[in-house]
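Everything on this sheet refers to the single structure shown next.
Here, each number is a calculation from the coordinates, and none is a lab measurement. These numbers were taken from a predicted model, which means no experiment stands behind them. Every residue, glycine among them, receives a Cβ derived from its backbone with ideal geometry; neighbour counts consider all protein chains shown.
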Amino acid sequence: MSLRLGTQLMVVASSPAAAIEVLKTHDRTLSGRYVSSSLSVKDPKLNHLSLAFAKECTNNWKNLRTICRTEMFSGKAMESHVELRERKVMELVEFLATKEGEVVKVMDLVFTTICNILSNTFFSMDLCDFEREGLKDFIYRAAELGATPNLSDFYPILDGLNLHDSKKKSKEALGRILSTWEGLSKKEGSKRILELFSAGADTSTLTIEWAITQLIRNPDVMYKLRDELTKIIGESPVRESHLPHLPYLQACVKETLRLHPPAPLLLPHRAMETCQVMGYTIPKDSQVFVNIWAMGRDPKVWDEPLSFTPERFLDSKLEFKGNDFEYIPFGSGRRICPGMALGARQVPLVLATLVHLFDWSLPDNMDSAQIDMEEWLVITLRKENPLRLVPKYFIKNYGLCDHEDVAQTSTYFTDWK
């Protein structure tokens, strides 16, 4: 499918065959990145910081990708921070134990946890607080502004007018984030992970929120997942070492990514040169999208595609590493998500912990069929109305744990080092 808006030609690939041509056959030619004027903040400090929004795969970009692959997200690097991630997840448990019986906004609490996992990994300090908005508000606002189209994107002659004022607002929002970031460290390497930090926190949070939403709407799936957790883990806290032994948990995460990919169109590619894709001419500088949201719901590829059925992945060899083009929630090719390895660890860890240690109910006796499933596309795919639930803390075998204060929660998890 193609659409022309003003001077911009936008091409959408919506099938695995088309995705192969875009992300594999013509990977180099289509490796450019289209960046809207709202995100094109003319700050020299930003020109070399971006990984996702670098307009071309320059040597600097390649060096940054290498750093991510070998230093930040390698197996050795991931293993070195296992205890940190587990500790931050238990802080979420401790906080939720104090909110038993109250309505909580799941997304905010999970975001704080993921944010602090990342900030402690890179800076050895918390950046977010469970009781405050803080950095989360800045990141969400910047994403919304970045996704707001400018007429000048399609009609460059209007660039000087900036009719929607989005460039100014985007620059202000990014400036606030950068000022916070630069206060943490003056090291160049620290500045460069701003983008990885914000993107990783947002996408992981949304995946967990959608997963819990689907589990609440599908109690039979919730029961099967809890049964697996009970058999494998018992009454112990969830550790990352448990994750490879929890196939149904992994299937739930995969099924969530199929139905609710965090970046449903990936990020817009740009044709560096004119090329042919499936017999169609893609002119130079065209925007090229890959509609993985549509591919994940294609009845030609999936049985009962709108059904949340983790079982479809239990005997499947499909992985999200970018080689199976009917299922590429993290993208593929040279622009594949660099933080995939971290997401594959922290998402199931947080999800398993929340399911293992809490019973969740909807407020005001609402039926699960009434949950609003409307989606809101910014750059990522969010719930239009964030999920709100009431937690009830319990130890396995469904015996309730009577906590008078959060200290008892900490005592229960004494073996956490």
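For Lys55, the shell of other residues with beta-carbons less than 10 Å away shows a net charge of +1, using +1 for Lys and Arg and -1 for Asp and Glu.
Would you mind ranking Cys68, Cys57 by Cβ crowding within 10 Å, fewest neighbours first?
Least to most surrounded, the residues fall as Cys57, Cys68.
Taking amide hydrogens as placed 1.01 Å from N in the peptide plane, the amide H of Leu266 sits under 5 Å from those of Ile292, each at least 5 positions away in sequence or on another chain.
In sequence order, region 222-238 has phi-based couplings of 4, 4, 5, 5, 5, 4, 5, 4, 5, 5, 8, 9, x, 9, 7, x, 6 Hz under the Karplus curve 6.51 cos²θ - 1.76 cosθ + 1.60, θ = phi - 60°, and Gly or Pro positions carry x. Exceedance of the 21 Å cut-off in Cα-Cα distance is limited, within the set Lys24/Lys62; Lys62/Lys88; Lys62/Lys321; Lys24/Lys55; Lys284/Lys321, to Lys62/Lys88; Lys284/Lys321. If R0 is 45 Å, what FRET efficiency do you get for Ala294 and Leu362 from their C-beta distance, rounded to 0.05? Plugging the Cβ-Cβ distance into 1/(1 + (r/R0)^6) gives 0.90.
Please report the base-10 log of the normalised intensity I(q)/I(0) for region 251-350, using a Debye sum with one equal scatterer per alpha carbon and no solvent, at each q in 0.13 (1/Å). The Cα Debye sum returns log10 ratios of -0.52. Expressed as a whole percent, how much of the Cα-Cα distance distribution for region 68-120 exceeds 18 Å? Here the tail beyond 18 Å accounts for 42 percent of pairs. With both labels modelled 7 Å from their Cα along Cα-to-Cβ, the Glu273 to Lys392 distance reads 6.4 nm. Among the trypsin sites (Lys or Arg not before Pro) within region 64-134, those in coil by DSSP and having at most 11 neighbouring Cβ atoms inside 10 Å are Arg132. Across region 360-377, rounded Karplus estimates of 3J(HN,Hα) from the backbone phi angles (6.51 cos²θ - 1.76 cosθ + 1.60, θ = phi - 60°) give 10, 9, 7, x, 6, 6, 5, 7, 4, 5, 8, 4, 6, 9, 5, 9, 10, 8 Hz, Gly and Pro being marked x. Residues whose amide H lies under 5 Å from that of Val277, counting only those 5 or more places away or on a different chain, are Ile282; hydrogens are built 1.01 Å from N in the peptide plane. Annotation for Leu314 and Thr281: the two label points, set 7 Å from Cα along the Cα-Cβ direction, are 5.2 nm apart.
Database remark: amide H of Gly32 closer than 5 angstrom to the amide H of Arg270, Met272 (H placed geometrically; neighbours at sequence offset of 5 or more, or on other chains; Pro and chain starts carry no H). With the simple model of a label 7 Å out from the Cα in the direction of the Cβ, Asp324 to Lys76 spans 3.1 nm.
With a cut-off of 19 Å on the backbone N, the residues of region 314-357 near the modelled label site 7 Å out from Arg28 along Cα-Cβ are 332-336.
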